[in-house]
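The values are calculated or read from the model by the stated rules, or taken from the named source; none is laboratory data. Predicted, not measured: the structure shown is a model, and the values here were computed from it. Neighbour counts run over all protein chains shown; Cβ positions are idealised from the backbone, glycine included. Side chains included, ligands, DNA and RNA excluded: accessible areas come from the protein's heavy atoms. Shrake-Rupley method; radii C 1.70, N 1.55, O 1.52, S 1.80 Å.
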Amino acid sequence: MIVSLVNCGTSVFAGFVIYSILGFREHKGAGKVEQVTSGSGLAFVAISEAVSEMKGAPVWACFFFIMLILLGLDSEFGTLEGAVTPLVIDMKLFGKIRKEIVSAGFAIVLCLMGLLFCTGIGEYLVGLFDSYAMNIPILILALFECIAVGWVFGTDNMSLAIEDMQGSKPSKFFTICWKYISPGLLILIFFITFVQQMMAAPKYTSFIDCVNSTHPNSILPTNQTIEVPYSIGAQIAGWIIVILAIMPIPLFMIINRKSEAGQMGAFLKSIANSVRKDREYNMESLYYRPQQGHDSPVVNEKV
């Protein structure tokens, strides 16, 4: 609860700071508030200009961009671990190759792929990925995480697991959120987002021209841009990204369950049995043991 409140409070405080900066830019004639959008335009234009107005601007500029680098690295740690750990430990796709080497390989490949976003069409690709890969796939993944915790593993088992780790169970409020409120809100947001995507194609900002500003305090030119819908080919590519992002959920569920059940009828029955309430959580059955060729701990295969 404290983390959630601090997170929301930080967002509100940052909003006051950002709009103060944007208002100052408009007063100087550097552009209207509505012309500055989120993303690179905010981080590398608006805030950078505000930093340049401070005393000791080079020092604050170094701090600001170091903060951005650390923020990106912090996000990538969790994302990379979440992708690499199941492939190395659970599925054992890389044999006896050390997990650190696999993680380094993934990081290098993704870094090379990320260089595409630094080219001339980088802003176009960022907008395409942001419009498709960052909306529907994340909502679906979060929904299935709530289903796994609230309905498959069970809120009672989850509460016992948390009690084993921190000594006390979470309040009833959290169990209700895991099982009902969070999935319900995610389903609602998913349908709203899906309808919006189908009714109107996402748009990207296209640069037209650079003209001199008529504002008396401005010495900078003003960029003229328009919002252009993505082409049919780009929209198809976007929906392919969505499908590829969510495909592992049903694919691996079918592979794992069918390999256990042996036939489709038993497979469907095993899916139904996943939500049974008579399964009990046993902390003693969860322990870690070293695996040859890996320094990282591995969950016992009996789990």
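Taking amide hydrogens as modeled 1.01 Å from N in the peptide plane, which residues meet the under 5 Å criterion relative to residue 204, leaving out close sequence neighbours? Answer set, sorted by chain and number: 228, 230. Calculated accessible area for segment 48-158 comes out at 64 Å² per residue, all protein chains present (probe 1.4 Å; ligands, DNA, RNA ignored). Measuring with a 1.4 angstrom probe and ignoring ligands and nucleic acids, residue 74 comes out at about 100 Å² accessible.
Of the heavy-atom accessible surface of segment 77-177 (probe 1.4 angstrom), what whole percent is carbon and sulfur? Carbon-and-sulfur percentage of accessible area, whole number: 73.
Restricting the chymotrypsin sites (Phe, Trp or Tyr not before Pro) of segment 79-147 to loop positions (DSSP other than H, G, I, E, B) with no more than 13 neighbouring Cβ atoms within 10 Å leaves nothing.
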